[in-house]
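The values are calculated or read from the model by the stated rules, or taken from the named source; none is laboratory data. Fair warning: this is a prediction, and the values are worked out from it, not measured in the lab. Cβ sites come from the backbone with ideal geometry, for glycine too, and all protein chains shown count toward neighbours. Surface accessibility is based on the protein's heavy atoms, side chains included, excluding ligands, DNA and RNA. Shrake-Rupley method; radii C 1.70, N 1.55, O 1.52, S 1.80 Å.
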Amino acid sequence: QVQLVGSGGGLVQFGGSLRLSCAASGSIFSNYTMGWYRQAPGKQRELVAAITNGGSTNYADSVKGRFTISRDNTKNTIHLEMNSLKPEDTAVYYCTLSQPGRQYWGQGTQVTVSS
């Protein structure tokens, strides 16, 4: 089993910044990808950003240039720096870890951007 504990999030004004972090523990393989998904009310869950253990990144088009994902392999931790936040970024953000045969999810953290 893998446990994911997220932190950060909260309420911020339009144009502000927030930082999300997620720490993984448990039965983690040497090859895995971590990332963040988000789900807004009435919408499907969507990928925000992901990073492989080799450092390759993938971003949703809607966040490119505003969000940066980073990873500390020694601590099995990822961070998501979110800048120039917009009301449409409001959602519950879920940390995820994918490794062969299984995907794990964190508990979700609320990000609210006020206009």
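Can you list the lysines whose alpha carbon sits under 19 Å from that of Lys43, skipping same-chain ones fewer than 8 residues off?
Lys86
Which percent of the accessible area of the chain is formed by carbon and sulfur heavy atoms (probe 1.4 angstrom)?
Details: 2840 of 5990 Å².
That fraction is 47 percent.
For the stretch 30-115, build the charge dipole from Cβ charges (+1 Lys, Arg; -1 Asp, Glu) around the Cα centre, then report which of Thr57, Asn73, Gln103 sits farthest towards its positive end.
Value: Gln103.
What number results when the radius of gyration of the chain, computed over Cα atoms, is divided by 2.2 N^0.38 Å? Provide the component values of the computation, followed by the final result.
On the way: Rg = 13.4 Å, N = 115, 2.2 N^0.38 = 13.4 Å.
Cα Rg divided by the expected 2.2 N^0.38 Å: 1.01.
Take the chain, connect every pair of alpha-carbon atoms lying under 10 Å apart with a spring to form a Gaussian network, then pick out the residue of Gly42, Gly65, Gly15 with the largest mean-square fluctuation.
Judging by the Gaussian network model, the answer is Gly42.
Multiply the residue separation of Gln39 and Arg66 by 0.36 nm, subtract the distance between their alpha-carbon atoms, and state the gained length in nm to one decimal. Spell out each step's value before the answer.
Numbers: separation 27, 0.36 × 27 = 9.72 nm, distance 1.81 nm.
Going from the current span to full extension adds 7.9 nm.
Over the heavy atoms of Trp105, what accessible area does a 1.4 Å probe trace out, to the nearest 10 Å²?
100
Check cross-link reach from Lys75 to the aspartates and glutamates: straight Cα distance under 14 Å, and skip same-chain residues fewer than eight apart.
In chain and number order, there are no partners.
Nothing charged except the Cβ atoms of Lys and Arg (+1) and of Asp and Glu (-1): what's the magnitude of the dipole of the chain about its Cα centre? Round to the nearest 20 debye.
Using only the charged Cβ atoms, the result is roughly 80 debye.
If the reach is capped at under 17 angstrom between alpha carbons, list the aspartates and glutamates near Lys64, excluding any in the same chain fewer than eight residues apart.
Glu46, Glu81, Glu88, Asp89
Relative contact order for the stretch 1-105: what is it in percent, counting Cα pairs under 8 Å that are at least 6 residues apart? Spell out each step's value before the answer.
Working: 216 pairs, mean separation 35.8, N = 105.
Relative contact order comes out at 34 percent.
Counting residues in the stretch 27-79 as N, plug N into 2.2 N^0.38 Å and put the Cα Rg over that result.
Values: Rg = 12.2 Å, N = 53, 2.2 N^0.38 = 9.9 Å.
In units of the 2.2 N^0.38 Å rule of thumb, it is 1.23.
Over 5 Å intervals from 0, what percent of Cα-Cα pairs in the stretch 49-115 sits in each interval?
In whole percents, the pair-distance histogram is 4, 14, 24, 27, 18, 10, 3, 1, 0.
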